[in-house]
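Read the structure below first, then the notes.
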Amino acid sequence: MPQINMVQSLNRSLDQLMAGDERIVLLGEDIGIDGGVFRVTDNLMNKYGEERVIDTPLNELGIIGMATGMAMYGLKPIAEIQFQDYIFPAFDQIVNNVAKVRYRTGGRFSVPLIIRTPYGGGVKGGLYHSQSGESYFAHTPGLTVVTPSNPYDARGLLVSAYKSNDPVIFLEPKRLYRAIKTEVPDELFEVEIGKAAKLKEGDDLSIITYGSTVPTVMNTVEKNGVNADVIDLRTLLPMDVGSIIETAEKTGRVVIVHEAPKTLGVGAEVSALIAERAIDSLRSPIVRVAGYDTPFPYSHEELYLPGEKRIMNAVNKVLAH
Amino acid sequence: MPQINMVQSLNRSLDQLMAGDERIVLLGEDIGIDGGVFRVTDNLMNKYGEERVIDTPLNELGIIGMATGMAMYGLKPIAEIQFQDYIFPAFDQIVNNVAKVRYRTGGRFSVPLIIRTPYGGGVKGGLYHSQSGESYFAHTPGLTVVTPSNPYDARGLLVSAYKSNDPVIFLEPKRLYRAIKTEVPDELFEVEIGKAAKLKEGDDLSIITYGSTVPTVMNTVEKNGVNADVIDLRTLLPMDVGSIIETAEKTGRVVIVHEAPKTLGVGAEVSALIAERAIDSLRSPIVRVAGYDTPFPYSHEELYLPGEKRIMNAVNKVLAH
Amino acid sequence: MSMVGNLSNEQALIAYKNAVRARTLDIKIINAQRQGIIGFHVPAQGQEMIQIAIGMMAEKEDLIFSYYRDLALYLQRGVPVGDIFDQMLGNSSDLQKGRQMPDHFSFSEYNFSTVQSPVGSHIPLTVGAAYAMRYNKKKGIVIVTFGDGATSTSDFHAALNFASVYNLGVLFICENNGFAISMPVSKQTKADIYKKGSAYGIPGKRVDGNDLIASLAGLQEAFDYVRSGKGPYLVEAVTYRIGPHSTSDDPKKYRVDEITDGSDKDPIRRLENLMLKMGVVDSNFIQTTKIEAKQEVDKALDERMNIPPTEPSSIFDDVYEKPTWIQEEERRDLDASD
Amino acid sequence: MSMVGNLSNEQALIAYKNAVRARTLDIKIINAQRQGIIGFHVPAQGQEMIQIAIGMMAEKEDLIFSYYRDLALYLQRGVPVGDIFDQMLGNSSDLQKGRQMPDHFSFSEYNFSTVQSPVGSHIPLTVGAAYAMRYNKKKGIVIVTFGDGATSTSDFHAALNFASVYNLGVLFICENNGFAISMPVSKQTKADIYKKGSAYGIPGKRVDGNDLIASLAGLQEAFDYVRSGKGPYLVEAVTYRIGPHSTSDDPKKYRVDEITDGSDKDPIRRLENLMLKMGVVDSNFIQTTKIEAKQEVDKALDERMNIPPTEPSSIFDDVYEKPTWIQEEERRDLDASD
Ligand SMILES: Cc1ncc(C[n+]2csc(CCOP(=O)(O)OP(=O)(O)O)c2C)c(N)n1
Ligand SMILES: Cc1ncc(C[n+]2csc(CCOP(=O)(O)OP(=O)(O)O)c2C)c(N)n1
Ligand SMILES: [Mg+2]
Ligand SMILES: [Mg+2]
């Protein structure tokens, strides 16, 4: 099997899904002739034509509104928002229509829509090309929120999102787009939504993370010989509460790592789930290592992002407790 | 002192603040001649004229964008969003401009803006007149988020929000608008932002809540003779971590009550703060009693809202542990 | 035989009957609201004629995205009064399972879409629906109604631009009833609404929405244009909201009523007078129509009021196709609190 | 003496010099970006003339909301090249403390507002700024620039409507450079941009933004209109983006360049040729101007490159006027991780 990166994995998966299902249409800014600013949709307009790969005017509300109408009336749209930072003009459509159409119609309508969008820092993008807004979506019932941390999961989660009849927010950690190559089978396969992955077994503590910070965590534990359970959540709504509680009960010590601001970041929910269900197993504080509670700065982004030092400080803190 | 309700308290406070500061302008839909659909701005257009009380076209992005420009250039705008459910069209302005202008300009500009908006259920308003979206704002650094639970705090917090040079999201629990009357001094006074209130001293457990569920909690503990510390957070960003930890350490048992959906509701952050800082004091799980993770239903809203039964189940659970 | 132009006497009679039924229903709902039987209502009084006209012009296969104030349109398109009451009561026969406030329907059997409260946010959906219809080579166009206030929303702007860029078959119809709650249209915009399409290369037309004949004539051109594949079209139907914005509103605070129920300017009265003058109906017929309408709505509400409410635990359904563990757990929590 | 119309020779010389400085600076930045000295750039090449014209027409007290591609406008309004470099390097002399990507300035000393990345989202702010100026009886108007793509945003729509409803002194100027990244304007909208104001009752005008004389003439009418208190006005300046959207973009994928740096259609070259023809300058002057510009920007970058970066812990400042306990605690966490 050849090794491919996440962009190639997504591109190939979109290509195969489109080949197999005429209902799939892509829409977004610069996704056509330009192939997307990160090249995830490269060459797909050439292959499937302008009717199925739709370059849109510059209005995210329009993109999501149009995609919602398509999804309600028989198509399977996959919308791209060029950067997650630019999804907010469509926030009303997402929160008030996409997430609520099935509910408000008593199931008469559904919105089987995938919204793909790159998120996170590490590309020197400053305030508006670096945000990690997953909490905004994971707090919204009706949405499903997933984020792959590697090319394999990118493919598997995209296929699962495609099979879902509910709207899926598909968050792509942009700094991992080309950072890692792995073997990815060329047949379509699924990575189940709602299931975390255990990336490493360990006894001393549990590190729970997802998306862009997964490689940082893995490198840190390997380099420092940390004997940790490492969990990659993969789905942020609904979270795999079983895996979270299992590892917390096993090790009794939990560190949560993510890039979004700490306050009400996804780590808050992970922590609260544990504090609600596994309190008697806890032998130390639950520590969150997260993006700082500031807008994402242009200078010093390497300090903003949770790195080895900060993760090890947390590991040592919970181990020493 | 006469007893007044929250609408009267807000109306009177706005009136007095406007009388004392010409920089204050109000803007929003139907706030002028109509006095606001909840009458919070009643009679103010009559008194201060159309230049200071501005009826706007139907576009929340426009309201917040305009208010932001006003705030950056010397005015003190107080914008009303008719229902918090309708704030999302302005979400990009709030997250990407209002919250970030000070930061991105290195402090060269600021946005001293108050955004008032009624939130929460209990008025048979269904999906789109009942939402409690505080988490969306409390996860956004740069914003300050407050919510009063009574006419006194409504006045004090409004005055503090007025004195702040940062943007404040001022969430008004609509079902408490006219439900409670209390004595409120007619001089302007402040309720400090970032400070919780302890509404009741107790030893067996702590109940932490805010806004619309405060009276429910108080009634429940009184009726059932629960020996609880009761904390009204009042500010949701930045939260009063000192008060939270103090009560958690004192009682060792915590129940959090709010109306927003549980997953990533403000309760998640409260729980995570405790699990991070007071783990050794905890003698039972931290239990959240919250709105369910569904859109807000029209039928059975009384079941959706956290009520006495559910609060007592949680109380009994943590006490029995 | 025809009353005026292409309008046959038979069509005119049906239109008139439906307008009367809609008005009667509206009044019935308001009374039921006052009695606490129904929670809320957004009256459609005054706007019946343009709504009836749309219903007459639309084909079965045309997809309609209506808004919350389109009662006459539903009736003209065949929706039974009972189904409307079920929704307004939120009972267990409500097709939407009691999830939404009154007036927020989703009568998909009659090729209506779904009504939401955030003003204007259905408009961009029409672009996608029209795209899907063309993509799947389905017959029909998409029709969307909305108020004058909605033309200020971002959704309106995005939708008109996208519909134009992709040359889609969407007929945008603004029911300009003069007010967005308390805001007169003169404070909503300084432009004529029907000209707003010019920002997108979309033609527009203003019609007298209080006159059935004028509405039909004006709509004809718009429907022809859109049906022929030329792209989207914007109609401004000038009408008037008789009465309050909703049962929570008191219009006395902000306006003097210009048209009142049953007055000479009332659009239903105008049609009535025309039909009388042309001898298409007599006062006996009018009398009977009104009585029958009253009987119909009285009977329907009586029937529907007795239908039990939805199951409490059903509030956890339809968040997703299948509830996640979160909804399942919360359902158990609810059961434990019963 | 005057070159054409009201344009004096002296003004023309300054305009030409600033255009050359802007072009030279732009090229310098791109080279610095290739060498890893500067992180990113959005070139303004090709758009200098309309920007210079705006700078010439604007009074000091006029407030300008520029966008990320307005390099020549800053220079014409007096911003020193060094300050621009400080921002682009994000060093400790950067007035914004290194918080934003290159090209996102806030030169308030020169009465500029603040630049953000989300396209169009500065436009509604102009409404509030203009309102505040009128409210406080300040002199001056508000000028806002943005691209053709920005006219599709919801922000554009809201801003034009609000500005019109309150009859505010906002001059909206679209720098239509033909593309929004890869999207040609023909796919962005089917209407002429300068006509988009008609949806709001706002007059509009198209000017040749690649020609200084035409730009000045066209802008005159617009400025006069707005200054006289008649309300907002929309200008579409037709220009052309020479080169890529940004240093991350490869335009070969989606277009054939129609105007290139230094070619006969290059707007700076056009001015140069005109001035030569009219004898206002000779080739010697042109030579010297270019050399001086090169020297200026080379020297400025050399100087500014040596300025140390901002303090790491400063990333916690300016979230609020005073950091909350959260930022203070996180600042200690950062120190502990150093
Ligand atoms: C986005 C949004 N903002 C505010 C409201 C509150 N609201 C409900 S109806 C309405 C006025 C709508 O006026 P118009 O579009 O003219 O329709 P009409 O009610 O007159 O038929 C307003 C402001 C809302 N529902 N949605
Ligand atoms: C809301 C938003 N969506 C998408 C983007 C990504 N983006 C940056 S610039 C740009 C094109 C802007 O085109 P135009 O307005 O014509 O200005 P130009 O860059 O051509 O000067 C896009 C899509 C963004 N910055 N903001
Ligand atoms: Mg109206
Ligand atoms: Mg452009």
Between 0 and 90°, nearest 10: helix A:308-320 axis offset from chain A longest Cα axis: 40 degrees
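Give me the inter-chain shielding for A:42-54: mean count of other chain Cβ atoms within 10 Å, whole number please.
Working: counts 1, 0, 0, 0, 0, 0, 0, 0, 2, 4, 1, 0, 4.
Mean partner shielding for this stretch: 1.
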If you take every DSSP beta bridge fully contained in the range B:197-320, what fraction is antiparallel? Give it as a percent rounded to 5. 20 percent
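Taking R0 as 60 Å, what FRET efficiency do you get between C:Glu303 and B:Lys250 from their Cβ-Cβ distance, rounded to the nearest 0.05? Intermediate results must be reported in sequence, preceding the final value.
On the way: r = 59 Å, r/R0 = 0.98.
In this case the efficiency is close to 0.55.
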With Cα atoms, 0 to 90° folded angle of helix A:214-223 axis to chain A main axis: 30 degrees
Under a 5 Å amide H to amide H cut-off, with H placed in plane at 1.01 Å, what residues pair with A:Glu172 once short-range neighbours are removed? A:Thr117, A:Tyr119
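Let a ≥ b ≥ c be the square roots of the eigenvalues of the Cα gyration tensor of the range B:102-163; is it rounded (a/c under 1.5), or, if not, prolate (a/b larger than b/c) or oblate? Please list the in-between numbers first.
Working: a/c = 3.11, a/b = 1.58, b/c = 1.97.
Taking the square roots of the gyration eigenvalues as a ≥ b ≥ c, the range B:102-163 is oblate.
By counting other Cβ atoms within 10 Å of each Cβ, how are C:Met278, B:Met66, B:Met45 ranked from fewest to most?
C:Met278, B:Met45, B:Met66
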Everything considered on the Cα gyration tensor (a ≥ b ≥ c; rounded for a/c under 1.5, else prolate if a/b is larger than b/c, else oblate), the range C:73-118 must be described as oblate
Could you work out the mean count of beta carbons from other protein chains within 10 Å of each residue's beta carbon in D:192-200? 5
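How would you classify chain D from its alpha-carbon gyration tensor, with a ≥ b ≥ c the square roots of the eigenvalues: rounded for a/c under 1.5, else prolate if a/b is greater than b/c, otherwise oblate? Walk me through the numbers before you get to the answer.
Values: a/c = 1.59, a/b = 1.15, b/c = 1.38.
Oblate, because a/c is 1.5 or more while a/b does not exceed b/c.
Please list B:311-320, B:75-84, A:4-13 highest first by mean number of surrounding beta-carbon atoms within 10 Å per residue. Please list the in-between numbers first.
Working: B:311-320: 17.9, B:75-84: 24.5, A:4-13: 22.2.
Ranked from most to least packed, the peptides come out as B:75-84, A:4-13, B:311-320.
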Which distance in Å, rounded to a whole number, links the C-alpha centroids of the range D:63-131 and the range C:169-232? 41 Å
When the Karplus curve 6.51 cos²θ - 1.76 cosθ + 1.60 is applied with θ = phi - 60°, which whole-Hz ³J(HN,Hα) does each residue of the range A:150-165 get, with x for Gly and Pro? 7, x, 5, 5, 4, 5, x, 6, 5, 5, 5, 4, 4, 7, 6, 9
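Sorted by packing (mean other beta-carbon atoms within 10 Å per residue), highest first, where do A:26-34, C:238-246 land?
On the way: A:26-34: 24.6, C:238-246: 22.6.
Highest-to-lowest ranking by the protection proxy: A:26-34, C:238-246.
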In whole angstrom, the spacing between the Cα centers of the range D:311-331 and the range B:157-180 equals 25 Å
How far apart, in nm, are the 7 Å Cα→Cβ label points at C:Ile14 and D:Glu311? 7.9 nm
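How would A:Ile180, C:Ile259, B:Ile54, A:Ile64 line up from fewest to most surrounding beta-carbon atoms within 10 angstrom?
Details: A:Ile180 16, C:Ile259 20, B:Ile54 24, A:Ile64 31.
Exposure proxy ranking, most exposed first: A:Ile180, C:Ile259, B:Ile54, A:Ile64.
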Ordering of C:187-200, B:94-107, B:291-304, C:294-307 by packing [mean C-beta count within 10 Å, highest first]: B:94-107, B:291-304, C:187-200, C:294-307
Starting from the amide H of B:Lys200, placed 1.01 Å from N in the peptide plane, find each other amide H under 5 Å away whose residue is 5 or more places distant or on another chain. B:Val230
Quick one: of the DSSP bridges fully inside the range A:3-183, what percent are antiparallel, nearest 5? 10 percent
What nm value, rounded to one decimal, do you get for the distance between B:Glu22 and D:Lys230 when each label is placed 7 Å out toward the C-beta? 3.1 nm
Among D:Asp224, D:Asp26, D:Asp211, which one moves the most in a GNM of chain D with springs linking Cα atoms closer than 10 Å? D:Asp224
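Averaged across the residues of B:253-266, what count of C-beta atoms belonging to other chains lies within 10 Å of each residue's C-beta? Write out the running numbers ahead of the final one.
On the way: counts 0, 1, 0, 2, 0, 0, 0, 1, 5, 10, 16, 16, 5, 4.
Rounded to a whole number, the mean comes out at 4.
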Restricting to bridges with both residues inside chain D, how much of the DSSP beta-bridge set is antiparallel, in percent to the nearest 5? 20 percent
With respect to the cross-link table entries D:Lys60/D:Lys277; B:Lys174/B:Lys309; C:Lys137/D:Lys195, which display a Cα-Cα separation exceeding 24 Å? D:Lys60/D:Lys277; C:Lys137/D:Lys195
Out of C:Thr288, C:Thr247, C:Thr114, a Gaussian network model of chain C with alpha-carbon springs under 10 Å gives the largest mean-square fluctuation to C:Thr288
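How do D:Tyr233, C:Tyr225 line up, fewest other C-beta atoms within 10 Å first? Don't jump to the answer; show the numbers that get you there.
Details: D:Tyr233 26, C:Tyr225 19.
Listed from fewest to most nearby Cβ atoms, that is C:Tyr225, D:Tyr233.
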In nm, the gap between the two label points placed 7 Å beyond Cα toward Cβ at A:Phe189 and C:Asp333 is 3.7 nm
Of the listed pairs C:Lys190/D:Lys230; A:Lys250/B:Lys262; C:Lys205/D:Lys196; A:Lys198/C:Lys322; A:Lys124/D:Lys97, those with alpha carbons more than 20 Å apart are A:Lys250/B:Lys262; A:Lys198/C:Lys322
Could you pull out every one of the aspartates and glutamates with an alpha carbon less than 15 Å from that of A:Lys47, ignoring same-chain neighbours closer than 8 positions? A:Asp15, A:Asp21, A:Glu22, A:Asp34, A:Asp55
The range C:122-136 - phi-based ³J(HN,Hα) in whole Hz, Karplus 6.51/-1.76/1.60, Gly and Pro as x: 7, 5, x, 4, 5, 5, x, 5, 5, 5, 4, 5, 5, 4, 8
In whole Hz, with x marking every Gly and Pro, tabulate ³J(HN,Hα) for the range D:237-245 from phi via Karplus 6.51 cos²θ - 1.76 cosθ + 1.60, θ = phi - 60°. 9, 7, 9, 8, 7, 7, x, x, 4
For D:Phe105, what residues show an amide H to amide H distance below 5 Å, using hydrogens built from the backbone and excluding near sequence neighbours? D:Val115
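Every read-out reported here was derived from the displayed coordinates using simple, explicitly stated rules and does not represent laboratory data. None of these values were measured; they are calculated from a predicted model. All Cβ positions, glycine included, derive from the backbone under ideal geometry; neighbour counts span all protein chains shown.
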